[in-house]
Amino acid sequence: MFKQSGWAAALAAAALTCAPAQAREVVSFGADAAPGTIVVRTGERRLYFVNGDGTAIRYPVAVGKAGKQWTGYARIDGKYVQPAWSPPAEVKRDNPRLPDVIAGGSPRNPMGAAALTLDRGEYAIHGTNRPGSIGTFASYGCIRMYNQDVVDLFGRVAVGTQVVVTQ
């Protein structure tokens with residue numbers, strides 16, 4: 001599903017070519033979650049990175065469209081910069097004209113600047129080539145972020161980071 005492309009230079013370049021100025025912000029966060037946990041609140045279309053001091057970094061996101069949402073626990077099982085993307089079978093079935101693989105860095109690649117894959121099927125937290133979708137119900141279950149925000153989150157998390165997705 002994801003193949004690694006270039007690395008440090010690509011990440012830096014991606015961060016510089018991103019759409020809106022800083023969409024993330026530090027907010028009060030009282031939920032019971034360990035520092036370093038990612039909490040996605042689907043109904044809010046927000047992702048929180050828990051700091052552990054009563055605050056979290058809040059990012060706007062796009063989430064699964066009706067019938068494609070999920071809730072529960074996952075862990076990050078991979079970190080990729082400008083990954084190539086192979087559409088999952090369900091996406092390919094709905095969009096048969098999609099190629100089998102879209103190269104990393106291509107403007108047609110929906111993974112954007114970086115992807116954090118989850119140990120729960122074919123889901124990821126990733127950038128996007130459609131920044132206008134942020135704040136909507138748009139995906140097949142993945143969590144989309146502005147490219148500059150996924151680059152920021154990428155630098156804060158490690159493989160194994162816990163992800164909690166709620167309504």
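Identify, by number, the condition in (1) touching a residue at least 24 places away in the same chain (Cβ under 8 Å); (2) touching a helix residue (DSSP H, G or I) at 6+ places or on another chain (Cβ under 7 Å) that GLY78 doesn't meet.
(2)
Being of a type in the set (Gly, Ala, Ser) and within 15 Å of LYS68 (Cβ to Cβ) is the filter here; which residues of the stretch 109-167 pass it?
GLY121, ALA124, SER133, ALA138, SER139, GLY141, listed by residue number.
What number goes with the only condition from (1) in contact with a Phe, Trp or Tyr (Cβ under 8 Å, 6 or more places away or on another chain); (2) among the hydrophobic types (A, V, I, L, M, F, W, C); (3) part of a strand (DSSP E or B); (4) surrounded by 22 or more Cβ atoms within 10 Å (Cβ to Cβ) that ILE57 does not pass?
(4)
All of the numbers you see were taken from the coordinates with simple rules; none came from a lab. If you're wondering where the values come from, they're calculated on a predicted model, not measured in any experiment. Methodologically, a virtual Cβ is constructed for each residue, glycine included, from the backbone with ideal geometry; neighbour enumeration extends over all protein chains shown.
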